[in-house]
Amino acid sequence: MNLRALLPLDLPCLAACGGALSEGESQFRSGRYPEAKQTFASIEAQSRSYDDRRRAEYALYRGLTLAALGDRAQAGVWLREAKALVDTDPRSLEHEDALRLKEAMEASEAP
């Protein structure tokens, strides 16, 4: 079987599997905060059906995006949700994301 022939068929699946959550994270990491905000808002209803790990990731990046845009109040809502999920299951976020959450929570508590 020619695996190269199947590769183009797998690419749409890989993109779909990552979906809008990955797109929003990519936009955030690229500093495209308004676009990330819009992407995360567009999948809010869908995110309610995510498992705890994906929901924690969603809440973290939505909160980080809002914080980057200066909306501390709304950022806090999402960061607290991510923290609550991590408090329930510390493995809800990858190590780097858990550190991001910790830093964001500390920054949000600063006057």
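The values are calculated or read from the model by the stated rules, or taken from the named source; none is laboratory data. As the structure is a computational prediction, the values presented were derived from the model and not from experiment. Glycine also receives a Cβ, built like all others from the backbone with ideal geometry; neighbour counts cover every protein chain displayed.
Can you name the residue in segment 62-71 that is free of Cβ contacts under 8 Å to residues at least 40 places away in the same chain and either touching a helix residue (DSSP H, G or I) at 6+ places or on another chain (Cβ under 8 Å) or surrounded by 14 or more Cβ atoms within 10 Å (Cβ to Cβ) (or both) and, of all such residues, is nearest to Q46 (Cα to Cα)? Steps first, please.
Going through segment 62-71, the residues free of Cβ contacts under 8 Å to residues at least 40 places away in the same chain turn out to be 62, 66, 69-71.
From what is left, the residues that are either touching a helix residue (DSSP H, G or I) at 6+ places or on another chain (Cβ under 8 Å) or surrounded by 14 or more Cβ atoms within 10 Å (Cβ to Cβ) (or both) are 62, 66, 69, 71.
Working: R62: 14, L66: 19, L69: 23, D71: 23 Å.
My answer is R62.
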Looking at segment 43-61 only, could you name the residues that are loosely packed, with under 15 Cβ neighbours inside 10 Å and either farther than 19 Å from A98 by Cβ or touching a Gly at 6+ places or on another chain (Cβ under 9 Å) (or both)? E44, A45, Q46, R48, S49
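Quick one: which residue in Q27, Q38 is assigned to a helix (DSSP H, G or I), within 27 Å of E109 (Cβ to Cβ) and not hydrophobic (A, V, I, L, M, F, W, C)? If you could, list the steps in order and put the result at the bottom.
Numbers: Q38 fails: within 27 Å of E109 (Cβ to Cβ).
When all the criteria are applied, what remains is Q27.
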Any residue at all in segment 49-56 that's modelled with pLDDT of 95 or more, of a type in the set (S, T, Y), within 13 Å of the chain's Cα centre (by Cα) and part of a helix (DSSP H, G or I)? no
Quick one: F40 ticks every box in (1) modelled with pLDDT of 95 or more; (2) exposed (fewer than 15 other Cβ atoms within 10 Å of the Cβ); (3) not β-branched (V, I, T) except a single one, so which number is it? (2)
How many residues does segment 72-111 hold that are assigned to a loop (DSSP other than H, G, I, E, B) and surrounded by 15 or more Cβ atoms within 10 Å (Cβ to Cβ)? 1
